[in-house]
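Okay, so here's the structure we're looking at.
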Amino acid sequence: MDTKFESSVREIPYPQEAVYHRLSDLNLSEQVRDRLPEDKREDIVFDSDSITMNVPPVGNISIRICEREEPKTIKYETVSSPLPFNLWVQLLPVTETVCKMRLTIKADLNPFVKGMISKPLQAGLEKLADAIAAGSYDE
């Protein structure tokens, strides 16, 4: 059964277009690597459309961008994951220099799995939203 998780809305002090540009080209996310713990830096690989990361004890998870709707939506899907899901990043302008963002995950979960992962998945989604909102989007 399809289950949807949404982050709370975050305000980002950068123009919608700048945030979209950075998030829609995953090569630019390579700059995040410096903020990761040193022992985790080799566990993540970027290219322009995908990210592959090692997540113990699950193993490798790969996601790729499957749709871009400039400058408001980026949709990702799993390529390789024990739990297939889709992730959307939605961006809306507030002013010319500020935008709002919300993350949404949609996954096909049976009731047992949903009961086990709902809280950690929601918490992880909120942490990801925090990290994106705290990013630098200067061109």
Review point. Helix 111-133 sits at what angle to the longest principal axis of the chain, using alpha carbons and giving 0 to 90 degrees rounded to 10?
Key: 20
Practice item. Compare 19, 113, 89 in a GNM of the chain, Cα atoms joined below 10 Å, and give the one with the largest fluctuation. Key: 113
Study note, to complete from the structure: So the carbon and sulfur contribution to the accessible area of the chain, 1.4 Å probe, in percent, is 54
Point to revise | Integer Hz, Karplus 6.51/-1.76/1.60 couplings in order for the stretch 3-19, x for Gly and Pro | key: 10, 10, 10, 10, 7, 6, 6, 10, 9, 10, x, 9, x, 3, 5, 5, 5
**Study point:** Candidate lysines - alpha carbon under 20 Å from residue 119, same-chain residues fewer than 8 apart omitted
**Key:** 4, 106, 127
Exercise for review: Calculate the radius of gyration of the Cα atoms of the chain to one decimal place, then report Dmax, the largest Cα-Cα distance, as a whole number, both in Å.
Suggested key: 15.0, 45
Review point. What are the ³J(HN,Hα) values, in whole Hz, obtained from phi via the Karplus relation 6.51 cos²θ - 1.76 cosθ + 1.60 with θ = phi - 60°, for each residue of the stretch 79-87 in sequence order, with x given for Gly and Pro?
Key: 9, 9, 6, x, 10, x, 7, 10, 10
**Study point:** Of 88, 124, 50, farthest towards positive along the dipole that unit charges on Lys, Arg, Asp, Glu beta carbons give the chain
**Key:** 124
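The values are calculated or read from the model by the stated rules, or taken from the named source; none is laboratory data. Since the structure is predicted, the reported quantities are computational estimates derived from the model, not experimental observations. Positions of Cβ are generated from backbone atoms using ideal geometry, with glycine treated the same way; all protein chains shown enter the neighbour counts. Surface accessibility is based on the protein's heavy atoms, side chains included, excluding ligands, DNA and RNA. Shrake-Rupley method; radii C 1.70, N 1.55, O 1.52, S 1.80 Å.
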